[in-house]
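These notes are about the structure you will find just below.
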Amino acid sequence: MTTRRTFVKLSAMSAALFSVTKSFSKSLSAAGEGTKPVVLSTWKHGVAANEGAWKVLSSGGRALDAVEQGVMVTESDIKNLSVGLWALPDRDGHVTLDACIMDEKSNCGSVCFLQHIKHPISVARMVMEKTPHIMLAGEGALKFALDNGFTKETFDRSPEADAAWKEWLRKSEYKPIINFENHDTIGMIALDASGNLSGSCTTSGLSYKMHGRVGDSPIIGASLFVDNEVGAATATGVGEEVIRICGSHTIVEMMRAGHSPEEACRIALERIKKSPKNLKDMQIGFLAINKHGESGAYALHKGFNYVAYSANNNNQLIDSKFLLD
Ligand code: SD4
């Protein structure tokens, strides 16, 4: 029989247990908890990029400025082999860049197959702000950039990219490799202190791709989508699979239907899983945030990570959950 004394003791113990469990689950879910401002980006290079974005967000700046300045850090990194001019080239030795940006009013801009420009994300923003169009490609995008004050960088490949490409030429085998070697686009999404969302995405695309190949990264709705009433999503990995399901748009629609950011990313990957393609050697990672600042990610395979920066969460690298393996 439970006496009054044991009842009081048991209640005290369960209250203590409850508060321990509560604080544990709080620390476990800290990354995804609702907060603002917050910025998230794909892969480990997101640590430095988020620092750049946080400077804007923490001083009350606009999410749009944060996501541009954040990924510019990655585009400037001469050691980065998958974003910007120092990245790995296509199979003919040319570095061709894809980027896009989207703001809280559904304004968007994009460039694809752009060569010789250090900051494709800023050209994408200028397409958004100065033209009636959304996407400019190749020579036209380069001319637009040069006409608007960007500088043409004349070197062909960084020494590191050049050596890697020459090594690749020995076998010339095109094979998407899971995770780091061949997939390192930066996608960034942010919610600012005023509650507005924006996103950006920039890449050199899959290394040793066919000359002229454009992936998902400059395509609004595929690599990036923002709906200021609902949330934002971004993608990394084999772009063809992301385009096939309009990945980021699908994720935002799933959030609109009531799913959490993590669930929404998982549902999009379930669609990709139905693809007739052999997904064994392909990685795809999705990252999402909703209007409340709750975030989440999901990947096809183990190995995808992302970085979250908010006042509660000091630029933390987080391993994503994954669907297969
Ligand atoms: C592409 N999605 O060109 C890009 C590549 C990538 O991490 O994400 N790499 O298909």
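The values are calculated or read from the model by the stated rules, or taken from the named source; none is laboratory data. Model, not experiment: these values are computed from the prediction. All Cβ positions, even for glycine, are placed from backbone atoms using ideal geometry, and neighbour counts span all protein chains on display. For accessibility, only protein heavy atoms count, side chains too; no ligands or nucleic acids. Shrake-Rupley method; radii C 1.70, N 1.55, O 1.52, S 1.80 Å.
Couple of notes before you dig in:
- Estimated at the nearest 10 Å², the accessible area of PHE225 is 40 Å² with a 1.4 Å probe.
- In degrees, nearest ten, helix 247-256 long axis to first principal axis of the chain (Cα): 30
- DSSP-assigned coil residues among trypsin sites (Lys or Arg not before Pro) in the stretch 259-300, each with at most 13 further Cβ atoms within 10 Å: LYS274, LYS277, LYS280
- Checked against a 27 Å cut-off, the cross-linked pairs LYS79/LYS171; LYS118/LYS302; LYS166/LYS274; LYS130/LYS152; LYS152/LYS291; LYS209/LYS291 give Cα-Cα distances beyond that limit for LYS118/LYS302; LYS166/LYS274; LYS152/LYS291; LYS209/LYS291.
- Three-way shape call for the chain based on the alpha-carbon gyration tensor, with the a/c threshold at 1.5: prolate
- Between 0 and 90°, nearest 10: helix 120-130 axis offset from the chain longest Cα axis: 90
- Other residues lying with their Cβ under 15 Å from the Cβ of ILE78 contribute a combined charge of -4, Lys and Arg counting +1, Asp and Glu -1.
- Relative contact order for the chain: 21 percent, from Cα pairs under 8 Å spaced at least 6 residues apart, divided by residue count.
- Percent carbon-and-sulfur accessible area, the stretch 26-322, ignoring ligands, DNA and RNA, probe 1.4 Å: 52
- With the simple spin-label model, which puts each label point 7 Å out from Cα in the Cβ direction, the LYS280 to LYS152 separation comes to 4.6 nm.
- Accessible solvent surface per residue of the chain, calculated while the other protein chains remain in place, 1.4 angstrom probe, Å²: 45
- Other-chain or far-sequence residues with amide H under 5 Å of GLU33's (modelled H): SER295
- Cα-based shape type of the stretch 61-152, given that a ≥ b ≥ c are square roots of the gyration tensor eigenvalues and the cut on a/c is 1.5: oblate
- Using a Förster distance of 22 Å, the FRET efficiency for LYS273-ARG91 (Cβ separation, nearest 0.05): 0.15
- The trypsin sites (Lys or Arg not before Pro) of the stretch 107-160 meeting both criteria, a DSSP state outside H, G, I, E and B (loop) and at most 15 other C-beta atoms within 10 angstrom of the site's C-beta, are LYS152.
- Rounded to the nearest 10 degrees, the inclination of helix 138-147 to the longest alpha-carbon principal axis of the chain is 90 degrees.
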